[in-house]
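Trainee: Sharing a structure here in structure tokens format.
The values are calculated or read from the model by the stated rules, or taken from the named source; none is laboratory data. Quick caveat: nothing in here was measured; it's all calculated off a predicted structure. Heads up, the Cβs are rebuilt from the backbone with ideal geometry, glycines too, and the neighbour counts pull from every protein chain shown. Just the protein is used for accessible areas: all its heavy atoms, side chains included, with ligands, DNA and RNA removed. Shrake-Rupley method; radii C 1.70, N 1.55, O 1.52, S 1.80 Å.
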Amino acid sequence: MTTPEAAPATGTPPRLRSRRVFAAAHVVADPRADTAPDGPAALDWDATLAFRRHLWAHGLGVAEAMDTAQRGMGLDWAGAAELIRRSAAEARAVGGHLACGAGTDQLPPAGASLADVRAAYEEQLTVVEDAGALPVLMASRQLAALGAGPDAYRDLYGHLLRQATRPVILHWLGPAFDPALAGYWGSPDLDTATETLLGIIADNPRAVDGVKVSLLDASREVRLRRRLRTMGVARSATDKGGGGRRAGVRCYTGDDFHYPELIAGDAHGFSDALLGVFDPLAPLAAAAVRRLDAGDPAGFRAVLDPTVPLARHLFQAPTRYYKTGVVLLAWLAGHQSHFTMVGGLQSARSLPHLRRAHELGAALGLFPDPDLAAARMRALLAVHGAEEASTT
């Protein structure tokens, strides 16, 4: 029998009410394409879009063309723009909630001016808004490379927020996820950076829906979200994407180490979620949040806490290579027919790391066909000469 959590990916998906939850989605490479690791990405569009329908069918929102989709690690802006347009069409067809990343990755890695960065953001923001998606102003490597101070960030983001046609999500991706983003918001000191970020929001309170925080520092996120609650405008319980009635600017946790406690929250509030780890954990993540919807926070933790060892394994240092484990799990779960990634990133993790990801995923019941998952894992090990290794 089909459960609500596993509803077919047609029609309007069941909506989560107590939290707004996005899964940052991976892309499926085309294994037949004759491409080089540094060439334009070739995607299997059918499999890529089918996976988004899988996420929407569980009631999750999709965060598109972001870090998990290998932005800056194989997927260029031309590919990302096409991905945004195609995913937006799918979202309209099924009634799914969609947020999309707007950045500056059409620029060369170095040598851009502040004017160049502004124009690049404007171009990408237009594409996202024209698609009808919730914009996420992604952290910019090119801006970080300029070494600009806080005033430059306030001027640039203020300009972008004033021209945005709807509230946006601001994106704070820490250097664990992308070393090129060290010193973002104009300072390597996180307290100073936080004040700059909050100043930008205070200057433009109606233009900011929320902040996506990926610093892997739970206590810092809690302090930030308490301050965010005093800013911005009231959020209605009928806001598209759920999340309940609340005041202020949302804090979207991007902390793939501490997400259960941050989403559960405390007496002062909670974090919504925009997480790469919810790509492989979609069924469990949706089931857990429905426990919160039913007023059962203990049940929420009972479902989600056991997933943390897998998340910590996938996101272990170097954290930016977590995408490899995410795609492995999608292949083992039958969402795609191969373990090939854009830019050849399937080679970014060791065989022992991948084997352990399979073991942890199997223990959580992530694979609809465990025999298929085990057979695929054995085949992967065998082709690399490690067939003697055991699998679950």
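Trainee: Per DSSP helix of 4 or more residues, -39500 (n - 2.57); summed, then divided by the residues of the chain. What does that give at 222 nm, rounded to the nearest 500?
Mentor: Value at 222 nm, helices only, nearest 500: -13000 deg cm²/dmol.
Trainee: Can you tally the net charge around Ala348? Count Lys and Arg as +1, Asp and Glu as -1, for every other residue whose Cβ sits under 13 Å from the Cβ of Ala348.
Mentor: +3
Trainee: Which residue, Val277, Val21, Val168, has the most motion in a Gaussian network model of the chain that connects Cα atoms within less than 10 Å?
Mentor: Comparing Val277, Val21, Val168 in a Gaussian network model of the chain, the most mobile one is Val168.
Trainee: Moving to a separate point now. Using the Cα centre as the reference, give the magnitude of the dipole from point charges on the C-beta atoms of the chain (Lys, Arg: +1; Asp, Glu: -1; all else neutral), rounded to the nearest 20 debye.
Mentor: Here the chain has a charge dipole of around 1140 debye.
Trainee: Let me ask something else about it. Take the Cβ-Cβ distance between Ala386 and His338 as r, set R0 to 22 Å, and report the resulting FRET efficiency rounded to the nearest 0.05. Display every interim value, and only then the final one.
Mentor: Details: r = 19 Å, r/R0 = 0.84.
Efficiency for this residue pair is about 0.75.
Trainee: Ignoring ligands, DNA and RNA, how do Asp256, Asp30, Asp151 rank by accessible area with a 1.4 Å probe, largest first?
Mentor: Most to least solvent-accessible, the answer reads Asp151, Asp30, Asp256.
Trainee: A follow-up question, please. If you take every residue apart from Gln106 with its C-beta less than 15 Å away from the C-beta of Gln106, what net charge results, scoring Lys and Arg +1 and Asp and Glu -1?
Mentor: Taking every Cβ under 15 Å from that of Gln106, the sum is -3.
Trainee: Let me ask something additional. Around Ala36, with a cut-off of 15 angstrom between Cβ atoms, what is the net charge of the other residues, counting Lys and Arg +1 and Asp and Glu -1?
Mentor: Net charge around Ala36: -3.
Trainee: If you don't mind, another one. If you average the C-alpha positions of region 182-205 and of region 249-294 separately, how far apart do those two centres end up, in angstrom?
Mentor: Cα centroid of region 182-205 versus Cα centroid of region 249-294: 24 Å apart.
Trainee: Keeping every protein chain present and rolling a 1.4 Å probe, give me the accessible area per residue for the chain in Å².
Mentor: 38
Trainee: Put +1 on the Cβ of every Lys and Arg and -1 on every Asp and Glu Cβ in the chain; which of Gly334, Leu170, Val249 then has its Cα farthest towards the positive end of the dipole?
Mentor: Val249
Trainee: For region 7-120, what is the convex hull (Cα atoms) projected area averaged across all directions, in square nanometres?
Mentor: Seen from a random direction, the Cα hull of region 7-120 projects 8.2 nm² on average.
Trainee: Here's a follow-up. So how far, in whole Å, is the C-alpha centre of region 338-386 from the one of region 16-54?
Mentor: Cα centres, region 338-386 to region 16-54: 18 Å.
Trainee: Sticking with this one: Assuming R0 = 45 Å, can you tell me the calculated FRET efficiency for the pair Ala374 and Ala182, based on Cβ-Cβ distance, to the nearest 0.05?
Mentor: Step by step, r from the Cβ atoms, then E = 0.65.
Trainee: Could you give the size of the charge dipole of region 93-165 about its Cα centre, using +1 on the Cβ of each K and R and -1 on the Cβ of each D and E, expressed in debye and rounded to the nearest 20?
Mentor: 160
Trainee: Work out, step by step, the length gained on full extension between Thr192 and His159: first 0.36 nm times the residue separation, then minus their alpha carbon distance; give nm to one decimal.
Mentor: On the way: separation 33, 0.36 × 33 = 11.88 nm, distance 2.11 nm.
Separation in residues times 0.36 nm, less the Cα-Cα distance, equals 9.8 nm.
Trainee: Under a plain spin-label model, where a point goes 7 Å from the Cα along Cα-to-Cβ, how far apart in nm are Ala42 and Gln106?
Mentor: 2.5
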